[in-house]
Amino acid sequence: MPLSPDPRLNRLLAALSAEEWARLQPQLEWMPMPLGHVLYESGRTLEHVCFPATAIVSLIYVLENGSSAEIAVVGREGLVGISLFMGGESTPSRAVVQSAGYGFRLKAASIKDEFNRAGPAMHLLLRYTQALLTQMAQTAVCNRHHSLDQQLCPWLLLSLDRLEGNELMMTQELIANMLGVRREGVSEAALRLQKQGLIRYARGRVTVLDRPALEQRTCECYAVVRDEYARLLPAMPLD
């Protein structure tokens, strides 16, 4: 556990008004988020929302035959569990920690109470929900119309946007599961990016060597999602 974990590393928590922060801060619970930890399963009633601080969470849809694909990624810019304050209580997706770290959780009743006050926090959460829905829609379009190389680039960039530094701890098998493709396809796509000098991949560690070039290589989907988050959510330093 960090010596002084700061909930306001999460942008939504950092954007709360002083009054909202005073209400919610005492109720926030620090939580470790190890790689592969399942925050909630499909169809289960959610008991908490989670605000990642240094971790990344994948929202994954799993089919009856066991195959799966990521529909969105959540990090320090947002929260996991929007169905609680949107009135659904549960969701058909599952939430799995993609990159280990820590975050903070808040009981379902607390986030509902704050949302129902219809104050600034409610409008902030609704704007975040719109940005998340944009990411989900763009992911669906990207998976349908773009090549695996094009899908891999925005996936790497969106993940890096939610972390400090330029490295991801990620096996090819995990990336394949997230993208809903064969592991061999991910291996070939990563090798092509490596040969172009954009990334280095070794022993489950992906290092982005030339981010501007990677952004040039990616499809339009990354910019659409990035710009929508920037438009809807407050920009603030995270140091």
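The values are calculated or read from the model by the stated rules, or taken from the named source; none is laboratory data. Given the structure is predicted, the values throughout are model-derived calculations rather than measurements. Cβ sites come from the backbone with ideal geometry, for glycine too, and all protein chains shown count toward neighbours.
Could you please let me know if Gln130 is of a type in the set (S, T, N, Q), in contact (Cβ under 8 Å) with a residue 60 or more places away in the chain, surrounded by fewer than 17 Cβ atoms within 10 Å (Cβ to Cβ) and part of a helix (DSSP H, G or I)? Give the derivation first.
Details: of a type in the set (S, T, N, Q): yes; in contact (Cβ under 8 Å) with a residue 60 or more places away in the chain: yes; surrounded by fewer than 17 Cβ atoms within 10 Å (Cβ to Cβ): yes; part of a helix (DSSP H, G or I): yes.
Spelling it out, Gln130 is indeed of a type in the set (S, T, N, Q), in contact (Cβ under 8 Å) with a residue 60 or more places away in the chain, surrounded by fewer than 17 Cβ atoms within 10 Å (Cβ to Cβ) and part of a helix (DSSP H, G or I).
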*Go through region 156-210 and count every residue that is in a loop (DSSP other than H, G, I, E, B), buried (at least 20 other Cβ atoms within 10 Å of the Cβ) and at pLDDT 85 or above.*
2
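Name the residue, out of Val225, Val181, Val186, Val208, that is within 30 Å of Asp6 (Cα to Cα) and in the same structural domain as Ser159 (by TED's automatic domain parsing).
Details: Val225 fails: in the same structural domain as Ser159 (by TED's automatic domain parsing); Val181 fails: within 30 Å of Asp6 (Cα to Cα); Val186 fails: within 30 Å of Asp6 (Cα to Cα).
Residue meeting the stated conditions: Val208.
Restricting attention to region 212-239, which residues are assigned to a helix (DSSP H, G or I), under 19 Å from the mean Cα position of the chain (by Cα) and not β-branched (Val, Ile, Thr)?
Looking only at region 212-239, we keep the residues that are assigned to a helix (DSSP H, G or I), and these are 212-217, 221-232.
Filter once more, so that each one left must be under 19 Å from the mean Cα position of the chain (by Cα): 215, 221-232.
Hits for region 212-239 are Glu215, Cys221, Tyr222, Ala223, Arg226, Asp227, Glu228, Tyr229, Ala230, Arg231, Leu232.
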*asked:* Could you check region 45-72 and list, in sequence order, the residues that are over 22 Å from Leu28 (Cα atoms), of a type outside the set (A, V, I, L, M) and in contact (Cβ under 8 Å) with a residue 24 or more places away in the chain?
replied: Tyr61, Ser67, Ser68, Glu70
*Taking the residues in region 76-98 that are within 17 Å of the chain's Cα centre (by Cα) and outside any loop (DSSP other than H, G, I, E, B) as candidates, determine which candidate is surrounded by the most Cβ atoms within 10 Å (Cβ to Cβ).*
Val80
_Exactly one of these conditions fails for Glu89: (1) touching a residue at least 60 places away in the same chain (Cβ under 8 Å); (2) of a type in the set (D, E, K, R); (3) touching a Ser or Thr at 6+ places or on another chain (Cβ under 7 Å). Give me its number._
(1)
*Top-ranked residue of region 133-155 - restricted to ones that are loosely packed, with under 15 Cβ neighbours inside 10 Å and of a type outside the set (Gly, Ala, Ser), ranked as farthest from Val186 (Cα to Cα)*: Leu133
*How many residues are in contact with a Leu (Cβ under 8 Å, 6 or more places away or on another chain) and within 23 Å of Arg94 (Cβ to Cβ) when one looks only at region 23-32?*
1
